[in-house]
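Working notes for the structure below.
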Amino acid sequence: MLTQALDRWRRLATAAVVVIAILCTGAFLIERSTSRVVLQTGNVLWMATSAQEAVWTSEAAVRALYLNPQVDTVAARRRAARTDSARVLLRALRVALADDPLQRTRVDSILSGLDDWERVFVRPVLAGETMTRGLAFEGTQAFDRMAHPFENLVGDASQLRAELWRRQAALLWSAFVLILAALATAFVAVRRLTDGLVHKAEEAAERQRVVEEQAVELEHQTQVLEEQAGQLEEQTAALEEKVAERDSTLALLEETSRFLDSAIDSSPYGIAFYDRRMRFLRINKALALINGAPTEAHIGKTIDQMIPALAPTIRPILEQVLQTGSSASNVAIEGRTPAQPNATRRWVVTYYPIPGPQQSVVGVGCIVQDVTEQHQTEQQLRQAQKLEAVGRLAGGIAHDFNNVLTVIQSYAEVLSFELEERGEGREEVEAIRAAADRAAGLARQLLAFARRDVIIPRDVNVREVILGMQLILRRLVPPSVDLALELDEEPLVVRIDAGQLEQVVMNLAINAVDAMPDGGRLVVKTSAGPAGDDGRPTMTLEVADSGTGMSDEVRERLFEPFFTTKPAGRGTGLGLATSYAIVREAGGRIDVHSVPGDGSIFRVVLPQAEPSSDVKQRRSTPVRGIDVAGGTERILLAEDEPAIRSALSRILRAAGYDVLEASNGGEALRLADADSRPIHLLLSDVMMPGIGGKELVQRLAESRPDTRVVLMSGYTDDAALRADLGAARYAFLQKPFTAREVLLALRTALDAS
């Protein structure tokens with residue numbers, strides 16, 4: 001019975017649901033169709049209203065411009081121009097009303113009226129034309145013809161939308177009433193069917209209640225067991241979590257310990273930790289390497305056991321830090337370690353306390369930085385700065401000295417020529433010239449020392465250069481050292497600056513003398529060598545001593561800048577480095593042979609050059625008159641030293657030249673500007689007050705580009721000018737010079753193509 005009743009109830013419910021679904025679907029379709037029409041009507045009404053508002057706004061703005069032209073602003077004209085947006089909306093409305101001929105006709109009438117109104121009234125007003133009453137009246141009539149269709153269009157659209165809303169509401173209420181009726185019918189049918197089932201349902205419910213009570217009790221017992229099992233699982237998980245956390249902490253501690261050990265060992269600075277008994281607790285590889293023992297050998301050992309030479313210096317500092325609990329920063333320590341017992345090193349150390357419980361100090365940490373090379377470099381830099389100052393002083397002295405020697409040599413030569421013409425003896429004058437030559441050699445040595453000489457590579461006879469250095473070499477060598485010159489009689493010619501060659505010989509000789517503090521033998525020897533790699537013959541300059549010699553380590557670093565084995569104040573470490581650079585620049589090399597305790601031999605190997613005429617004609621040969629051709633060209637002479645200027649002017653005029661004299665660069669420029677005749681050559685000193693020689697050459701070239709140039713100087717600190725002279729951009733005369741040298745330089749410059 002219950003099954004049949006349930007089956008009837010299901011069929012009735014299904015029928016009710018089907019009826020309700022049909023009613024809802026029909027209502028939905030009708031409402032959807034109506035909503036589409038309402039939506040379209042609303043769009044039409046919105047476009048019509050918006051177009052009407054735009055036209056009305058434009059009419060108000062145009063009328064305001066017509067009545068009061070002073071309100072003509074950008075905003076007013078923008079409102080007057082809103083007819084364009086109205087026209088766009090009306091055209092869109094015409095498309096939307098394709099199925100409504102009446103409304104579409106009204107839109108066409110509005111568009112036509114809008115065009116007439118713009119043509120008759122709007123455009124003339126915006127153009128600022130004079131409007132008559134007749135035209136204004138005609139514009140008003142055109143606007144009225146357009147306004148009536150607008151009002152009809154908007155009114156009909158509003159009425160249509162209101163009618164559609166009323167129909168839609170009535171339809172929805174009808175559908176709602178039908179659905180309620182269907183639901184009420186279904187409710188009554190279901191109620192009648194369920195009344196007979198209530199009793200049976202109550203019996204079934206009682207039986208179900210008993211079963212449910214038993215199920216609840218069983219579920220309660222199961223829940224109790226599950227709670228107990230959950231608690232056991234939670235306790236097990238908590239215990240496992242604590243074990244995992246402990247394992248993770250131990251692993252992190254081990255990783256941190258390894259990281260700290262690696263960081264300490266990889267530090268370039270020495271790091272160590274001491275306990276209160278000054279025993280090593282930890283030391284990194286850098287400090288262990290300084291101490292000369294493995295890291296593990298330090299652990300537990302005291303500083304007296306590991307570094308006995310430094311312990312007396314370090315112990316008071318550690319005691320102070322342990323007692324005061326304060327750091328000792330940047331402590332300078334100097335001494336020797338077991339790793340380098342023969343070398344004195346210098347360190348900068350910072351000691352700091354290691355805190356313990358209750359503000360106690362349980363140990364000391366230290367950070368060690370080896371600053372030996374930095375300290376040596378600073379000392380070498382200070383020494384180099386001192387030598388630079390001495391060099392500048394020497395260069396200045398050489399400059400003044402060369403000016404004086406130029407006067408002496410020039411007048412001695414003039415006097416020699418005059419005595420020769422009168423047939424009188426010239427022995428005293430030749431003695432003056434010889435003394436001036438020796439003094440000039442000393443001046444060249446001063447310039448070489450100061451590194452202010454002009455570098456001009458030329459073909460020079462090595463034998464003659466060394467012979468010219470005899471006086472200064474013998475003054476350099478102490479009496480306890482025997483100096484021997486073993487020079488090849490054949491001319492060995494190399495292309496190098498003579499001053500730089502003298503500097504190389506001087507540096508090697510000084511190095512040899514310093515290697516023989518107790519005396520010995522110094523030999524300077526020249527000889528022809530075999531052909532080089534390029535097939536050119538070479539020559540060898542040897543400087544040998546019987547001194548202390550040197551180790552392989554010293555020999556490997558011999559030519560490094562600032563490297564020296566001499567005590568402070570005795571050397572800069574630049575002499576051999578400079579010599580090496582000079583020889584390499586000349587295409588040669590320096591070979592060193594040395595044995596500790598058995599002296600050293602420095603061999604300078606240079607490629608030979610073909611002897612030229614200026615090398616073969618030695619200045620030591622007596623000159624009977626000036627054998628250089630003179631000339632009739634005009635020479636502009638610029639020299640600030642009156643004596644030199646007078647002597648040069650006398651020599652040049654004696655040779656037939658027309659000379660213009662100037663005491664400085666400014667006067668020389670004024671003479672050149674005032675004289676329209678050609679100036680064939682400028683002979684100028686480099687260093688003059690005001691406008692110097694270099695600036696004079698540049699400014700004179702602007703007005704007289706064909707004028708040849710010969711510069712002269714005893715010294716210049718202008719590195720750029722020295723480079724230009726060395727590159728032969730200008731002809732150059734090194735003071736002091738002879739009359740023959742100056743005339744030869746002028747003739748060569750004038751005859752050059």
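The C-beta contact set for segment 689-714 (first residue hydroxyl-bearing (Ser, Thr, Tyr), second residue surrounded by fewer than 19 Cβ atoms within 10 Å (Cβ to Cβ), distance under 7 angstrom, 6+ apart or interchain) comprises Ser713/Met687. When residues in segment 681-733 are screened for being of a type in the set (Phe, Trp, Tyr) and either modelled with pLDDT of 95 or more or in a strand (DSSP E or B) (or both), 1 of them pass. Can you find a residue that is modelled with pLDDT under 90 and among the β-branched types (Val, Ile, Thr) anywhere in segment 594-610? The answer is yes, given that some residue of segment 594-610 is modelled with pLDDT under 90 and among the β-branched types (Val, Ile, Thr). Restricting attention to segment 636-667, and to residues there that are outside any helix (DSSP H, G or I) and small (Gly, Ala, Ser), which single residue is nearest to Ser416 (Cα to Cα)? My answer is Ala655. Just one residue in the set Thr324, Thr302, Thr236 is exposed (fewer than 14 other Cβ atoms within 10 Å of the Cβ) and closer than 20 Å to Thr350 by Cα; that residue is Thr324.
Could you check how many residues of segment 521-548 are surrounded by 18 or more Cβ atoms within 10 Å (Cβ to Cβ) and more than 18 Å from Val505 (Cα to Cα)? Total satisfying the criteria: 1. Take Ala237 and tell me if it is over 30 Å from His298 (Cβ atoms) and either in contact (Cβ under 8 Å) with a residue 12 or more places away in the chain or assigned to a helix (DSSP H, G or I) (or both). Yes. Every test in (1) modelled with pLDDT under 75; (2) loosely packed, with under 11 Cβ neighbours inside 10 Å is passed by Gly196 save one, and that test is (2). Scan segment 335-361 for residues that are surrounded by fewer than 13 Cβ atoms within 10 Å (Cβ to Cβ) and in contact with a Lys or Arg (Cβ under 8 Å, 6 or more places away or on another chain) and the total you get is 3. Out of Ala96, Ala21, one residue alone is modelled with pLDDT under 75 and not basic (Lys, Arg). It is Ala21.
The values are calculated or read from the model by the stated rules, or taken from the named source; none is laboratory data. The shown structure was predicted, so the numbers you read here are calculated from the model rather than taken from an experiment. Cβ atoms come from the backbone with ideal geometry, glycine included; neighbour counts cover every protein chain shown.
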